[in-house]
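Accompanying notes for the structure given below.
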Amino acid sequence: MKKKKRLTKTEEEIFHVRQKTHLADARYALHQLYGERSDFEDWVNSCLAKAKAAYKSRPDDLKRLDLERTHQPDWFLQENMVGYICYTDRFSGDLKTLPQHIPYLQELGVTYLHLMPLLQPRPEPNDGGYAVLDYRQVDSRIGTMEELATTAAKLRENGISLCTDLVCNHTADDHTWAERAKHGDPAYQDYYLTFPDRDLPDQYEQNLREIFPETAPGNFLFDKQMERWVWSTFNDYQWDLNYANPAVFVEMLDIILNLANQGVEIIRMDAVAFMWKQMGTDCENLPEAHAILQAFKAFSKMAAPGLIFKAEAIVAPEDVVPYFGTGRMAGKECEIAYHNTLMVYLWSMLAEQKVVLSTHSLQQLPILPESAGWVTYARCHDDIGWAIMDEYATAVGLSGYGHRTFLSEFYSGEFIGTWAKGDTFQFNPETGDKRICGSAASLAGLERAYESGHQNEIESAIKRMLLIHNVMFAAGGIPLIYMGDELGMLNDYSYKNDPAKADDNRWMQRPLMNWKLAKERHKLSTPSGAIFQGIKQLSITRKKTAALHSQAKSEAIWTHNDHIFGLLRSSARGRLLVLANFSPVMQSVPAGRLAELGLDIDLRDQLTGRDFHGSVDVPLSPYEAVWLMKK
Ligand code: GLC
């Protein structure tokens, strides 16, 4: 990439305007973190210098993109957005070969491609790349920084925006910073949170969660070389960064801007909830963690305003929405975030065949700022944690603990009569928490159905796959297809033979892309073909339906039928009623309910073109879902 030595006068002016616009926010956020320091102004200036340098070296095509994005700030909220997520090595082998698969992605209507962590990780085990050794190099197994930039440009030429991860909460234990810390360099020891004895760690531990209770219990480890305890929320080889040290903030800001200058358009901010620690709290979602993101945002607006952030905050629903920014920083933090709540309830509704708890819980979700959107998903590379609030369960006459236990047993395959085939992840005997792993298709019953050989079970599993994707495509936000789900790929058990992966069963849902199976995608008579074509249809219809723009209100509604989930999307772009039957038998929504919604009119299902009239009950076959709009 060519580096520009000097900015033109116009470019200088552009930067000046952006600086003027965003500096107050940047200072406000940084002040919450470092305002007490006597060298505060110096740190503000170091950040500004990084932003200016990044702007100087930003390639012209990306500057043009910035301009486009500035004129179309809702680009990622539009109904044409469809996402796909994969590991580069598991999907295409490497970055160079990835563009060969652009036509495949385009068949699904993909406009957003998330390539899972692709910076140089420590040697395995490395938590699937979430333990980064070098943020300036691409994982040598998949390519180079130059190839990343070339791939990003090719994707962009084809209407696909590239998203990638930034593991900003921790580094690998053999990152240069950690190595220097181990060798006793106090400046680098201050990049991490280290302690001479267990005094403080023990006090902190009283309020902390354990993320990997089976394989990495506790949140601290003893480093023999340094002879100090080190904060490590995740695996022992992932050391949490100390953002109370402004040098860490500046390093990460520079890394973010460098990724943006390679053509990365969306950065998935990993594990953001944990970025700030404070004694006596659970050290999750603290105001300072938000301030860090807001400061990153404000400086990146100066250098690369086209860039957006996706928050990976898999926390309680009311704790997620603040990642879009609150108060004077509303809309000034992350633009998108994972809709974990919807994902959990999709699986809950399927297992329970009832929608009461889900409807109630989704109705409690805080409203998003207009400028923000969800990323909706059915499955991802991680486990499913049953984030079901006790108080919501109680409100609909269920026990939260009981329901979570039911879901764990249902999806691990212990529950009698279950169709699902999954596995328990990181059982925590203290809380009784049992998370679940497994591919979407295996959890939706396809694996067992194949084993039984019963055609009707295979068909039901296909319908369940399409049903959860249906709601995910309509609920609001970018629907994110998890690699392999579009073909109904099953659990992959090969990880058990790989010592570096064997103790992490999340690898069950991280298979190698089955390109042979992908050849069946046009054959509707095969399960893979039926799922692929079904998802493709959702994508085509979504893109034609302005009512699905993310800014349209998305409201879970009662349908007067406990098995049919209702979702109303309403805005000046139109009203669309999603009705989704989560039961394996025929159900209907009473006409009276449609009348209450003002929909006792001629209606058309946008997916099939089938006509309905709202003055008659709407019948839905097993696992069927419709997108009804005024004809
Ligand atoms: C995120 C990732 C997960 C990883 C963790 C630690 O939650 O999705 O896979 O284990 O961060 O980096």
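Considering the range 63-79 alone, what residues qualify as being in a loop (DSSP other than H, G, I, E, B), charged (D, E, K, R) and surrounded by fewer than 17 Cβ atoms within 10 Å (Cβ to Cβ)? Reasoning before the result, please.
Filtering the range 63-79 for residues in a loop (DSSP other than H, G, I, E, B) gives 72-74, 78-79.
Among the residues that remain, those that are also charged (D, E, K, R) are: 74, 79.
Matches in the range 63-79: ASP74 only.
If we keep just the residues of the range 40-62 that are without any contact (Cβ under 8 Å) to a residue 24 or more places away in the chain and open to solvent by less than 40 Å² (accessible area, probe 1.4 Å), which is farthest from ALA26 (Cα to Cα)?
PHE40
Of these, ARG27, ARG64, ARG69, ARG58, which one is in contact with a strand residue (DSSP E or B) (Cβ under 9 Å, 6 or more places away or on another chain) and closer than 16 Å to MET302 by Cα?
Working: ARG27 fails: in contact with a strand residue (DSSP E or B) (Cβ under 9 Å, 6 or more places away or on another chain); ARG64 fails: in contact with a strand residue (DSSP E or B) (Cβ under 9 Å, 6 or more places away or on another chain); ARG58 fails: in contact with a strand residue (DSSP E or B) (Cβ under 9 Å, 6 or more places away or on another chain).
Within the list ARG27, ARG64, ARG69, ARG58, the selection yields ARG69.
Name every residue in the range 217-250 that is touching a residue at least 40 places away in the same chain (Cβ under 8 Å), within 16 Å of the ligand (Cβ to nearest atom) and not in a strand (DSSP E or B), in order of residue number.
Answer for the range 217-250, where residues must be touching a residue at least 40 places away in the same chain (Cβ under 8 Å), within 16 Å of the ligand (Cβ to nearest atom) and not in a strand (DSSP E or B): SER232, THR233, PHE234, ASN235, ASP236, TYR237, TYR243.
Each row is one residue, and each column tells you yes or no for (1) modelled with pLDDT of 95 or more; (2) in contact with a Phe, Trp or Tyr (Cβ under 7 Å, 6 or more places away or on another chain); (3) under 28 Å from ALA556 (Cβ atoms).
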| position | (1), (2), (3) |
| --- | --- |
| LEU407 | yes, yes, yes |
| LYS421 | yes, no, no |
| THR431 | no, no, yes |
| ALA444 | yes, no, yes |
| HIS454 | yes, no, no |
| LEU467 | yes, yes, yes |
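Okay, residues lined up against (1) at pLDDT below 95; (2) within 19 Å of GLN363 (Cα to Cα); (3) in contact with a strand residue (DSSP E or B) (Cβ under 8 Å, 6 or more places away or on another chain):
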site: LEU524; (1), (2), (3): no, no, no
site: LYS544; (1), (2), (3): no, no, no
site: ALA547; (1), (2), (3): no, no, yes
site: ILE557; (1), (2), (3): no, yes, yes
site: HIS563; (1), (2), (3): no, yes, yes
site: ALA572; (1), (2), (3): no, no, no
site: LEU576; (1), (2), (3): no, yes, yes
site: ASN581; (1), (2), (3): no, yes, yes
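Taking the options TRP419, TRP347, name whichever one is open to solvent by 10 Å² or more (accessible area, probe 1.4 Å) and within 26 Å of LEU446 (Cα to Cα). So that I can check it myself, show each step before the final result.
Details: TRP347 fails: open to solvent by 10 Å² or more (accessible area, probe 1.4 Å).
Matching residue, one of TRP419, TRP347: TRP419.
Among residues belonging to the range 80-105 that are over 21 Å from the mean Cα position of the chain (by Cα) and either within 16 Å of the ligand (Cβ to nearest atom) or part of a helix (DSSP H, G or I) (or both), point out the one that is surrounded by the most Cβ atoms within 10 Å (Cβ to Cβ).
Checking each candidate, the answer is LEU98.
Specify the residue that is surrounded by the most Cβ atoms within 10 Å (Cβ to Cβ); the eligible residues are those in the range 120-175 that are among the charged types (D, E, K, R) and within 11 Å of the ligand (Cβ to nearest atom).
So the first thing to find is which residues in the range 120-175 are among the charged types (D, E, K, R), and the list is 122, 124, 127, 134, 136, 139, 141, 146-147, 154, 156-157, 165, 173-174.
Checking the rest, the ones that are also within 11 Å of the ligand (Cβ to nearest atom) come to 127, 165.
On the way: ASP127: 22, ASP165: 24.
Per the stated criteria, the residue is ASP165.
Is there a residue in the range 321-340 that is assigned to a helix (DSSP H, G or I) and within 16 Å of the ligand (Cβ to nearest atom)? Give the derivation first.
The first filter runs over the range 321-340 and keeps only residues assigned to a helix (DSSP H, G or I), leaving 321-324, 327-329, 340.
With within 16 Å of the ligand (Cβ to nearest atom) added as a condition, the list becomes 323, 340.
Within the range 321-340, one or more residues are assigned to a helix (DSSP H, G or I) and within 16 Å of the ligand (Cβ to nearest atom).
Based on this model, can you work out whether ASP254 counts as surrounded by fewer than 24 Cβ atoms within 10 Å (Cβ to Cβ), of a type outside the set (Lys, Arg) and either within 16 Å of LYS301 (Cβ to Cβ) or without any contact (Cβ under 8 Å) to a residue 40 or more places away in the chain (or both)? Walk me through how you get there before you give the answer.
Working: surrounded by fewer than 24 Cβ atoms within 10 Å (Cβ to Cβ): yes; of a type outside the set (Lys, Arg): yes; either within 16 Å of LYS301 (Cβ to Cβ) or without any contact (Cβ under 8 Å) to a residue 40 or more places away in the chain (or both): yes.
In short, yes.
One line per residue, one yes/no per condition, for (1) surrounded by fewer than 20 Cβ atoms within 10 Å (Cβ to Cβ); (2) of a type in the set (Gly, Ala, Ser); (3) not in a loop (DSSP other than H, G, I, E, B):
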residue: GLU370; (1), (2), (3): yes, no, no
residue: VAL375; (1), (2), (3): no, no, yes
residue: CYS380; (1), (2), (3): no, no, no
residue: ILE388; (1), (2), (3): no, no, no
residue: GLY402; (1), (2), (3): yes, yes, yes
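The values are calculated or read from the model by the stated rules, or taken from the named source; none is laboratory data. As the structure is a prediction and not an experimental result, all values here were calculated from the model. Every residue, glycine as well, gets a Cβ built from its backbone with ideal geometry; the counts of neighbours run over all protein chains shown. Areas reflect the complete protein model, heavy atoms only, side chains present, ligands, DNA and RNA absent. Shrake-Rupley method; radii C 1.70, N 1.55, O 1.52, S 1.80 Å.
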